[in-house]
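Read through the structure below, which is laid out as structure tokens, and then see the notes.
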């Protein structure tokens with residue numbers, strides 16, 4: 001039997017259906033102006049709020065206050081009310097769309113919102129849906145759906161993924177004889193260094209791809225000195241993908257190689273791009289001319 005796809009729960013690119021301010025996109029369903037679904041005037045709750053968090057503050061046993069500890073954000077809860085009215089194209093088809101879109105799913109989808117020209121998105125699941133079957137709905141077909149989403153990652157991301165690529169570091173060509181003033185030392189074809197700009201207010205987890213041929217692929221963030229380093233030889237065309245958000249290290253898309261991390265390598269989950277500019281260096285022990293490192297990330301907001 002051919003596999004069927006529900007267009008309302010399709011995991012589309014975040015914000016790909018949005019065309020104007022005030023609209024929101026949940027998976028494959030567009031909500032807001034120009035659609036059969038109007039967003040209540042109360043808007044969304046939990047979207048611009050800081051998420052709740054756990055704190056490791058420790059009370060001072062012999063003094064006032066506490067020692068400040070780390071704070072880790074809990075999942076973000078976003079709620080809103082969506083209206084469906086006959087004059088906006090509502091009816092049985094619209095109700096069917098709401099049922100399909102706001103169903104219980106195991107996998108997260110993109111929830112994107114555009115405000116003042118900026119589109120931010122989270123990965124979320126529907127955690128609650130309330131559609132009263134009252135007299136107005138029964139006689140006029142007008143209904144309101146109260147929906148709550150839960151995003152296990154509370155950060156909101158810019159929808160455009162950024163990318164930076166560098167080859168292996170190569171030395172300058174050196175002086176050319178006979179010498180002439182001013183001296184020209186030549187330029188390196190590749191420094192092995194790239195910059196990653198996180199324009200948001202929250203740390204972002206990058207995805208790092210090492211491509212062979214190279215031995216002991218290594219990336220270092222030059223300000224924090226955090227490092228990821230793996231005892232593995234990559235042949236020409238082989239790729240080692242490090243997803244710091246998921247904490248996975250995968251060779252050629254299938255085999256886990258997290259166990260190859262060296263003792264001076266940071267835990268993958270702690271390798272983040274802090275708000276601002278990060279300086280990243282690709283420093284394998286040895287590498288061929290085709291060796292490459294690519295860093296992908298989305299700027300993140302609280």
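The values are calculated or read from the model by the stated rules, or taken from the named source; none is laboratory data. It should be emphasised that the depicted structure is a prediction, and the values quoted were computed from it without experimental measurement. When we count neighbours, we look across all protein chains shown, and the Cβ atoms used for this are built from the backbone with ideal geometry, even at glycine.
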Flag for residue 209 being assigned to a strand (DSSP E or B), in the same structural domain as residue 289 (by TED's automatic domain parsing), out of contact with any helix residue (DSSP H, G or I) (no Cβ under 8 Å at 6 or more places or on another chain) and in contact (Cβ under 8 Å) with a residue 60 or more places away in the chain: yes
How do the pairs read when you match residues in segment 236-256 that are surrounded by fewer than 14 Cβ atoms within 10 Å (Cβ to Cβ) with residues anywhere that are not in a strand (DSSP E or B), using Cβ under 8 Å and keeping only pairs 6 or more apart or on different chains? 236/212; 236/213; 236/288; 236/290; 237/212; 252/238
Mind counting the residues in segment 99-117 that are over 14 Å from residue 153 (Cβ atoms) and either without any contact (Cβ under 8 Å) to a residue 40 or more places away in the chain or not in a strand (DSSP E or B) (or both)? 10
Which of the residues belonging to segment 263-289 are surrounded by 21 or more Cβ atoms within 10 Å (Cβ to Cβ) and over 11 Å from residue 226 (Cβ atoms)? 282, 284, 287
Looking at segment 51-60, is at least one residue within 30 Å of residue 31 (Cβ to Cβ), at pLDDT 90 or above and out of contact with any strand residue (DSSP E or B) (no Cβ under 7 Å at 6 or more places or on another chain)? yes
Given the options 173, 150, 166, name the one that is assigned by TED's automatic domain parsing to the domain that holds residue 200, assigned to a strand (DSSP E or B) and either over 30 Å from residue 74 (Cα atoms) or at pLDDT 75 or above (or both). 166
Would you say residue 229 is assigned by TED's automatic domain parsing to the domain that holds residue 287, in contact with a strand residue (DSSP E or B) (Cβ under 8 Å, 6 or more places away or on another chain) and more than 14 Å from residue 273 (Cβ to Cβ)? yes
Every residue in segment 236-252 that is assigned to a loop (DSSP other than H, G, I, E, B) and closer than 21 Å to residue 288 by Cβ, please. 236, 237, 238, 252
Does segment 179-193 contain any residue that is part of a strand (DSSP E or B), in the same structural domain as residue 274 (by TED's automatic domain parsing) and either modelled with pLDDT of 60 or more or surrounded by 12 or more Cβ atoms within 10 Å (Cβ to Cβ) (or both)? yes
Does residue 157 qualify as being within 34 Å of the chain's Cα centre (by Cα) and at pLDDT 95 or above? yes
Could you check how many residues of segment 32-52 are under 19 Å from residue 124 (Cα atoms) and in a strand (DSSP E or B)? 4
